[in-house]
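The values are calculated or read from the model by the stated rules, or taken from the named source; none is laboratory data. Just so you know, these numbers come straight off a predicted model, no measurement behind them. Ideal geometry is used to build each Cβ from the backbone, glycine not excepted, and the neighbour counts take in all protein chains shown.
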Amino acid sequence: MPVTKTRRSRHTGITLSRRAGMVFVLPALILFVIFILYPLVTALSYSLFDWTGIVRGDFSVLDNYVTIFTQLPYKDAIPNAFVHNILLFVGAMVFQNTIGLGLAVLLHRVRRFKRFFQTVYTLPYLVSPLVVGYLWSLMLSPLFGPVNAILKGVGLDALAQPWLGNPTTAIWVVVFVTAWQWVGFPVLLYGAALGGIPDEIDEAASLDGASSWQRFRDITGPLLLPAIGTVSVLTFIGAMEAFAIPYALGGSAGNPAGATDVLSLLFYRTAFESGSSNAIGTSSAIATLLFLFIFGVALLMTWLMRRAERRLY
Amino acid sequence: MMRRALSLAAGVAGVALLLGGCAPSAPVNETAASSGDDVTLKVWSWRTEDIDAYNTIFDVFEKEHPGITVDFEAFQNTEYNQILTTGLAGSDGPDVPMVRAYGQLQPNIEAGQLDPIDDIVDGLDDIAPSVLAGAKGKADGKTYAVPLATQTLQMFYNKDIFKENGLEVPTTWDEFIALNDTLLEKGITPMALGVKDDWMMPIFADIVGSARYGGSAFEGEVLDGSKTFEDPDYVASLQIVADMKKYLTPDVVGVSYTDSQVQFTSGQAAQFPGGSFEIATFASQAPDLNIGSYQVPLPPDAVSPTPVSPAYADGNFAINSKSKNKEAAAELLNWLATPEFGQLVADDLNQFSAIPGVTYSNEVMQEAWDNYQKGEAPYLLLVDFRYGDPLGTAVLGPQIQKIFMGEQDAAGAATALQDGISQWFTPTP
C-alpha cells in the first residue's frame, strides 16, 4: 500500500495549504482522541491504581500486573486463555490461506458465477458472530442437534459426541466456527489482489512453458504477498480480540472448565463478573497488556511483511 | 508508517472501548431539589419482564401514600450493573435502586453510594437472617436494603411421568436411588442437568449434597475457621455429585442449561434439580406440565438432621445516598418491608417474598415454600463466598464439570475450591 508523500493531489491539481489540510483532518482527529486515545490512556492509568468499586484508591504502581501473574485464578487462567487465542490465530491462518486462498484462485480462474459464489462465501461474515455461535451450538447439541443425529443416522455412532462439552473438541469447534465465518473475507481480499495482477505476466510465463503450479508459486504467490500480509495482520488482531463466538459457544466462563476461554472473556469476567472490588484495576491491567501485545506484534508483522516485499521487488 | 500505526491502533482499541463501559464518571454537583410538595421517586430495576407487574404494585403504594409518585424504570439485566454504577455516581440516578445481594452488593456499599437503613425501616428483624445477610455490608454489618425475594433450590419432578410409572416422591436415600434406577431401567432420563453451563453446577451440588455436609452448621464452621472445604463431609457431598452422573443423559457435559430445561419440559427427563426461579419458566414453556418438587432425602452419614432446601436472597431495594427525596424513599422502603408488599410479590411477581407471613396461590410455589420451611440451608457458595475474587461458585462450577468429564475427583475439586477462596477469604474465629 503506497503512502502518499505529498499533500498535492496529482489528479486534480488542487493544492491545499497546511492549515486547510489540518482543518480537514481535525474532525477525525477529535473523534479519534475522544473515542480511542482517551479510553486507551485511561485504561492504562486505571491499571496503575487500587480500586474500591468505582472509587479510585492509592497509586499502586504495578501491583495489579503482579496480581494477574501471581494470584489465582489469573495465573492459571491467563496462560490457558492465551494458548487458546494463539490456536484461534493459527487455525484461522491455516484455514484462510489454504481454503480461503484456494477458493479465491478457483473463482479467479473459473469466472462463471464468480459474483454468486463470492456472495455465498461472504454471507456468514454478514451475520452477527453471536448468532453464528448460537446456531452452531444448537446444531452441535448432543440432545437435539442435527450434527450428531446425522452421524448416528449414517452409522458413525462412534464419531457422535458432545462437541462443545468435551474439552479436547470444544476449542477446535471455536476455531472451526471462527474460520467458517471469516473465510469470505480472504476470498474477497485475495480475489481483489488476484484481479490486480496483469494477465500478461501469466500469459508470458505460460508461453515460456511454466506449468500452472510454477506460475502460481513464482508469479501469483509473490504478487499476493501484500494481500497475505494484510490478511495475516487483521487475522491476528481478530484472533487475539475474539469474544463473540467463544462467548456464544462456551459462555463467559469459557465452558466447559475453561476449555474455550480466551483473553477477552477473561477480561469480561474480571471486569463485570468477578467478586473483586478491585475489578477495575485488574481488568484494566489485563486490557492494557492485551493491547500492548496486539499492538506490538501487529507492528512487528507489518514491518516484516514490508521487508519481505521490498526484497521481492 | 504513522498512518498504518494509527489505523492499527484504531483496530485494536476495541478492547479499550469495552473498558470504557465501566469508566467511573466524575461526581456532578447536585442541583436544587424539585419544588412543590409532590415527590416523584425514581425506582430502577433489572426486571424488564416485570414492568407491568411493578406498575400495578406501585399503584397500590401511590394510592396509600398521596403525594408520592413512583417512576419505575427497568433495564436489561446483563447491562444493569454498569447502568446502575453510572447512575449512582452521577446526579441523575434513581432514588430507590434495586441492588444485588451479598458480595455483589459490596462495591456499592464500599463506594458510599447507599444509605444504611437500620434506623429508618421497621420490620427488618422479621426477615430470615440468611436472607437479610444479603442486604448487609460485610465490613460494617449495617443493613443497606430491604430484601425483595428468596430463591429456594430443590428437585422438581414431572408428576405425570411419576404416575405413569408408579413412582412416588422418595423419603429416604434408598428410595431416592431406587427411584432413579427404576427410571433408568424404563429408559427415561432420571435428571435433566445442563453441565455445559458451569454456574448451574454448584446449585446442583447443594441440592443433592447440602444435607450431607451439614448446611448452616457447616457454614458456621467454615466461617470461623474450624473447618475447610477439604473437610471429609464436604468431600463426601461432592462424591454424591459424582455418583449422580449415571442418572444424567449420556454426553451430559455437552448439554447446556437451556437444553436441560427443554429436556424436562418436553417430558424427556423425569426430574430437574433447580431453583424456584424455574417455576415461572416451566409454566410459560410448558403450561400443561404437571410438576411438583421435593427435598432430596438425607444421604447416608448426613450431618444435617433433616433434608434441606438451600436458599438465598435475590435482589434488594436500597436508598441512593445522593437522593434528594430521602424522606419519600424511606416511606417506600418501609412499605416494601410490609407483608402487604410481600403478598403482592407472591401474587403479581410469582416470587418467594423475603417477608414472612405470605401465602402462595400457586400450588407448585406453596409446595416448594412449605418444604423450605421444614428444612433450610444457605446456598453456601453464593451466600458466603461471593465476597472476593475468585467467587466460590466460579471455582467449583468448572471443577464439577471436570468431575463429570472424569478429569477430577471429589477430593481434588474440594482442594481447588479451598485454594481458590483462600485468595481472599480469612476465617473469623
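Looking at (1) surrounded by 16 or more Cβ atoms within 10 Å (Cβ to Cβ); (2) more than 12 Å from chain B (Cβ to nearest Cβ); (3) not small (Gly, Ala, Ser), find the lone condition where A:TRP51 falls short.
Unmet condition: (2).
Would you be able to tell me the number of residues in the range B:51-91 that are assigned to a helix (DSSP H, G or I), surrounded by 19 or more Cβ atoms within 10 Å (Cβ to Cβ) and not polar (S, T, N, Q)?
Looking only at that region, the number is 9.
Here are the criteria: (1) closer than 30 Å to A:PHE295 by Cα; (2) at pLDDT below 50; (3) not basic (Lys, Arg). Tell me which single one B:GLN82 does not satisfy.
(2)
List every residue pair whose Cβ atoms lie under 8 Å apart, where the two residues are 6 or more positions apart in sequence or sit on different chains, the first residue falls within the range B:145-161 and is of a type in the set (Lys, Arg), and the second residue, located anywhere, is surrounded by fewer than 24 Cβ atoms within 10 Å (Cβ to Cβ) and in a strand (DSSP E or B).
Final answer for the pair search is B:LYS159/B:ILE291; B:LYS159/B:GLY292.
Given the options A:ASN85, A:ASN97, name the one that is in a helix (DSSP H, G or I), out of contact with any Phe, Trp or Tyr (no Cβ under 7 Å at 6 or more places or on another chain), within 14 Å of chain B (Cβ to nearest Cβ) and surrounded by 13 or more Cβ atoms within 10 Å (Cβ to Cβ).
On the way: A:ASN97 fails: within 14 Å of chain B (Cβ to nearest Cβ).
Just one listed residue meets the conditions, A:ASN85.
Within the range B:377-418, can you find the residues that are surrounded by fewer than 21 Cβ atoms within 10 Å (Cβ to Cβ) and touching a Ser or Thr at 6+ places or on another chain (Cβ under 7 Å)?
Listed by number, the list holds a single entry, B:GLN418.
Return yes or no: is A:LEU44 over 30 Å from A:ASP202 (Cβ atoms), within 10 Å of chain B (Cβ to nearest Cβ) and not in a helix (DSSP H, G or I)?
Details: over 30 Å from A:ASP202 (Cβ atoms): yes; within 10 Å of chain B (Cβ to nearest Cβ): yes; not in a helix (DSSP H, G or I): no.
The answer is no for A:LEU44.
I want to confirm something. Restricting to the range A:65-124 and keeping residues that are free of Cβ contacts under 8 Å to residues at least 12 places away in the same chain and hydroxyl-bearing (Ser, Thr, Tyr), which single residue is nearest to A:SER276 (Cα to Cα)?
A:THR70
From the list A:GLY155, A:GLY102, A:GLY191, pick out the single residue that is more than 30 Å from A:GLY258 (Cα to Cα), small (Gly, Ala, Ser) and not in a helix (DSSP H, G or I). Give the derivation first.
Details: A:GLY102 fails: not in a helix (DSSP H, G or I); A:GLY191 fails: not in a helix (DSSP H, G or I).
On inspection, the qualifying residue turns out to be A:GLY155.
Give me a count of the residues in the range B:154-175 that are under 24 Å from B:SER210 (Cβ atoms) and either in contact with a strand residue (DSSP E or B) (Cβ under 9 Å, 6 or more places away or on another chain) or exposed (fewer than 15 other Cβ atoms within 10 Å of the Cβ) (or both).
The initial filter retains those residues of the range B:154-175 that are under 24 Å from B:SER210 (Cβ atoms), namely B:154-158, B:162, B:167-175.
If we keep only those that are either in contact with a strand residue (DSSP E or B) (Cβ under 9 Å, 6 or more places away or on another chain) or exposed (fewer than 15 other Cβ atoms within 10 Å of the Cβ) (or both) as well, we get B:154-158, B:162, B:167-172, B:174-175.
Qualifying residue count for the region: 14.
Test A:GLY251 against the criterion of being on the phi > 0 side of the Ramachandran plot and without any contact (Cβ under 8 Å) to a residue 12 or more places away in the chain, and give yes or no. If you could, list the steps in order and put the result at the bottom.
Numbers: on the phi > 0 side of the Ramachandran plot: yes; without any contact (Cβ under 8 Å) to a residue 12 or more places away in the chain: yes.
The answer is yes for A:GLY251.
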